[in-house]
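So the structure is just underneath, and the comments pick up after that.
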Amino acid sequence: MKCSLIATLCSLFASPLMFAADIPQSLTVETPDGWNVKYRGDNGIQHYAVTRNAGSSDLLMFSPWPVKDNNRKQIPDLVKQLADGFVDMVDKSNGLITLKARKYKVEKIEGDPFSGSYVLFAIQGGVMQAMFMVGDEEGIWNGQFTGTSKGWAEALAILKGLKKR
């Protein structure tokens, strides 16, 4: 229940961003055994949802960042802004979500060709919430992960392995 609530709140927070621009870019998403990739590319919107097989709450979602003027150098600052917004949203959730710690650290994602940054929050009840951005010379992708610690480790490997089609 908490995972779906967190995912719903975060998607409401990010949903205006998903519809702001049309960025023509497709990815190859390689996953370990037990993960499934669903791609939605209708109406000029690209959205990837990567989930574990039935019985798991792990969910990795990402879409193109709609602002075309951004470059990879801005990713750490943009991720910090997303994290600050998430902390504010949690503060206003009237106790529906409780962070184990409000402080966070912006970490690097180093892949080829995509690299970027993420922040990771531990939520009471054992749920992990990550917000991230990865990019190459042509554009930036942003998204989130909600699920287990093990799931985040595998999701991070998926992000590091993203390739262009």
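Table for the structure above
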item	result
Between the range 41-58 and the range 113-133, the alpha-carbon center distance in angstrom	17 Å
Violating pairs (Cα-Cα greater than 20 angstrom) within the set 38/108; 73/108; 68/103; 100/150; 80/164; 80/100	38/108; 68/103; 80/164
Peptide ranges 78-90, 131-143 listed from the most packed, as the mean C-beta count within 10 angstrom indicates	131-143, 78-90
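Since every read-out is calculated from the coordinates, none of them should be taken as a lab result. The structure displayed is predicted, hence computed values, not measured ones. Every residue, glycine among them, receives a Cβ derived from its backbone with ideal geometry; neighbour counts consider all protein chains shown.
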